[in-house]
Structure formats: structure tokens, C-alpha cells
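J.: Could you have a look at this structure, given as C-alpha cells, before my questions?
Each reported figure results from applying straightforward, stated rules to the coordinates on display, with no laboratory input. Quantities reported herein were computed from a predicted structural model and do not represent experimental measurements. For neighbour counting, all protein chains shown are included, and Cβ atoms are generated from backbone atoms with ideal geometry for every residue, glycine included.
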Amino acid sequence: MPQTSPDDDARRPLHVEEWTESDGRPLRTLVSGRPRTGAPEVVLVPGLGAVGYMLELLHACGAWTRATLVDLPGFGQQRTADLPSDLDSVTARLLSALPPSPSVLVGHSTGTQVAMHAALDAPDRVGALVLVGPTFEPAARRPGALLARHMWTSAFEPPGQLRYTVPDYLRGGRRFREYLTSALRDRPEEQIGRIQAPVIAARGRHDHFASQEWVQQLAAAAPRGRARTLPGAHAVPYNHPGAVAQLAGEAAAAMGGS
């Protein structure tokens, strides 16, 4: 059997691109790390179609398990440009990327809504949920309220994240609106009470998209929910990937205690 050396590990890329098909439709994922005995895999779901801002989080989780970042269909990649991007369609794509054994599902922003739907649709493959900056609380489901919260939160966000998010948003075109509109119609508070897996709901300290009250409400409604406050604002996976990776580790440990 071939032996690997430290030099081999040093040359190994931090992540690789994988393409799969489900129901004849392509799905792009980025994969880091490898399966480890006793450690569940981690699947990351970004918000509103951008993926680049979550790469550091992908690598942080890939240090201790196999981690997969799902590139939502309809954004950024020409091969998926014609695929529908509503919440239900995106959830179906995510389900095709889940490992067969229970994994830790980490969603950010609108990705938390996709993650919750996946946990309800495939409870045998979602062993724990981490919901970071969950959207959209009832008070923020109007255009004016969303704009105000965006302005409040932006004051605490680093401009560097825009180079990862804006290009994908622009390439999404009409699909950006399709995804956002379906997410605004969604009602996470009516669903989370049916999720039996451990749930960690978290927000950045300066996140005005996801208020402390909203995060605590979701955690309290989940049968096995906990609330956490992290540094930063809404873009916690970009600013503080290590803190989010630590939550994924906590969620994995909660799976072992179930």
C-alpha cells in the first residue's frame, strides 16, 4: 500500500471541485479534508448564491473531517445557469449532496432556511444543524426593514467580502430575485419545532439581519436547540471561520450524545 509523506500532505490542495448529477441536473461542490473515524462529515450551505466567502470555513472544517461546500444552482456557473433557484429547488439539490450517513449541516443566512428544509426532508441524513445568521425574522420581511437592517449591519462588515459575493449575485440575475422572494415567503419559526436533531442557532454580535431575540426564539422552539453569540456581524463565516468551525465541532459532539 502506498505510503504518504508530510511533503505529500503539503502539496495536497486545500479543496477540490467535484461535479455530480441528480435527476439529470448538474451540481457543483467544493470538498476539503477526508472522512475521519468517529467524525461526521460537514456540509456547508451558503447564503444567496455566493460561495467564495465560505472557503476559509470549508478549509477549517476540512482539517478534522470531510467538508463539502454546496454551490447553489443558478449562480456563477454556466452549467447550472438554467436551473431553478427557488427554495424548494435548492433544497432538492442539497439533498443530493448529503452523505448517506448523518452529517452536520451548517447553513448561513438564507442557507439556514435551506438547511432546515433538508433536515425535515431527510432526518436520517442530517444529524445536527448549525444555523448562522438565520433569516428572515418576521419584522424583517418588508423591503424597507431589510434595507435598514442591511445598512446597520454593513457598518460592521469588512469590505473584502464583497469581492466574493457581488460577482455571484450579479451573475445570478433573475435567479437572485427568485431565490430571495421564495426565502421571504418561508416561515422558519413554523418548521424548526419539528426538527429532532440538535440545533445550534448563532449570530454575530453586530448582526442586525438576525437579532438576538430571533436567534433565541428559534433555539427555544427547537426540541434540542441552543443559542450562541459569535464575534462580528452577519458575515461571520467570512470574518471568523474558526468560530463557526468550532460550532460545527460542538454539533458533531451533540450527535454523539444523542
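J.: If amide hydrogens are placed 1.01 Å from N in the peptide plane, which non-local residues have theirs closer than 5 Å to the one on residue 66?
T.: Here the answer is 34, 36, 42, since their amide H atoms fall under 5 Å of that of residue 66.
J.: Next question, about the same structure. Kindly identify the stretch 209-258 as rounded, prolate or oblate by the Cα gyration tensor criterion: order the square roots of the eigenvalues as a ≥ b ≥ c, call it rounded if a/c is under 1.5, otherwise compare a/b with b/c, prolate if a/b is larger, else oblate. Don't skip to the end; give the middle numbers.
T.: Values: a/c = 3.43, a/b = 1.14, b/c = 3.01.
Oblate, because a/c is 1.5 or more while a/b does not exceed b/c.
J.: Multiply the residue separation of residue 22 and residue 220 by 0.36 nm, subtract the distance between their alpha-carbon atoms, and state the gained length in nm to one decimal. All intermediate terms of the calculation are to be shown ahead of the outcome.
T.: Numbers: separation 198, 0.36 × 198 = 71.28 nm, distance 3.55 nm.
Working it through step by step, the gained length comes to 67.7 nm.
J.: How large is ³J(HN,Hα) for each residue in the stretch 123-133, as worked out from phi by the Karplus curve 6.51 cos²θ - 1.76 cosθ + 1.60 (θ = phi - 60°), to whole Hz, x for Gly and Pro?
T.: Coupling constants for the stretch 123-133: x, 6, 10, 10, x, 6, 10, 10, 10, 10, x Hz.
J.: Using amide H atoms built in the peptide plane, which far-off residues or other-chain residues are under 5 Å from residue 230 H to H?
T.: Result for residue 230 returns 203, 204, 205.
J.: Between residue 126 and residues 5 or more places away or on another chain, which pairs have amide H atoms under 5 Å apart, with H built 1.01 Å from N, and which residues are they?
T.: 103
J.: Fewest to most neighbouring Cβ within 10 Å: what's the order for 88, 207? Present the calculation step by step, with values, prior to reporting the outcome.
T.: Details: 88 12, 207 28.
In increasing order of surrounding Cβ atoms, one gets 88, 207.
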